[in-house]
Amino acid sequence: MDKITVGILAVQGAFAEHECTLHALGVRHFQIRQKRDLKRPMDALILPGGESTVMGKLLYELDLFEEIRRRILDGLPVMGTCAGLILLAREVEGHSAYLGTMDIRVKRNAYGRQLGSFYTEQDFKGVGPVPMPFIRAPYITKVMGQGEILAKADGKIVAARQGYQLAMAFHPEVSGDLRIHQYFLEKLVDK
Ligand code: GLN
């Protein structure tokens, strides 16, 4: 794990929390803010939470969209949290897809106003029970193709994996628990 370098998309949203988590794990990382940042060697990518519509727009405006999409399709391990999950989904209910590299269908702001943000602890396959903070979260309405369900909360799918792509509706980076990032780095990145 000490040889891994992770690029974190840092155009909007909760990227700083991912930086803190990787720092705590002693994993090298850097911010992706503009096209030239993509020239740096990177073993994995994190797409943080935030506002998927804004991030999607910025990916185009900053001319990052195509290259990031191509790199993921070429096999770059990726972890998306919350809005990052929405960016990865092949289908976004009521909206066109963004990167669309993962065979999942997602519903944005899926818990309605009352349950917009909440906290729970649920089992995450391969890790065990983990803290799950949800912030105006989506959930996954369908996992297709090679996708595998990793966690459910209240009967809804909240985490899935498809090979080297990992996505979750909650925010492991704000929980202080390092195990989801560890899982990503050990199981999807470190060979
Ligand atoms: N509601 C946001 C969206 O639709 C996601 C929220 C988050 O990332 N915490 O993009």
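Please treat every number below as a calculation from the coordinates, not as lab data. These numbers come from a predicted model, not from an experiment. For neighbour counting, all protein chains shown are included, and Cβ atoms are generated from backbone atoms with ideal geometry for every residue, glycine included.
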Along principal axes, largest first, the alpha-carbon spread of the range 1-118 in whole Å comes out as 41, 30, 24
In nm, spacing of pseudo-spin labels at Glu148 and Phe118 (7 Å Cα→C-beta vector): 2.8
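What relative contact order, as a whole-number percentage, does the range 79-191 give when Cα pairs under 8 Å and 6 or more residues apart are counted?
25
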Mean Cα-pair separation over length for the range 1-111, i.e. relative contact order, pairs under 8 Å, 6 or more apart, %: 23
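Subtract the Cα-Cα distance of Arg40 and Tyr164 from 0.36 nm times their separation in residues, and report this length gain in nm to one decimal. Display every interim value, and only then the final one.
Working: separation 124, 0.36 × 124 = 44.64 nm, distance 2.00 nm.
Taking Arg40 through Tyr164 to full extension adds about 42.6 nm, to one decimal.
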Please work out how many pairs of lysine residues in the chain are eight or more positions apart (or on different chains) and have Cα atoms closer than 24 angstrom. 22
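If I stretch the segment between Lys187 and Cys20 completely, what's the gain in nm (0.36 nm per residue apart, minus their alpha carbon distance), one decimal?
Numbers: separation 167, 0.36 × 167 = 60.12 nm, distance 2.04 nm.
Residue separation times 0.36 nm, minus the Cα-Cα distance, leaves 58.1 nm.
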Quick check: net charge around Val130, other residues with Cβ under 13 Å of its Cβ, Lys/Arg +1 and Asp/Glu -1? -1
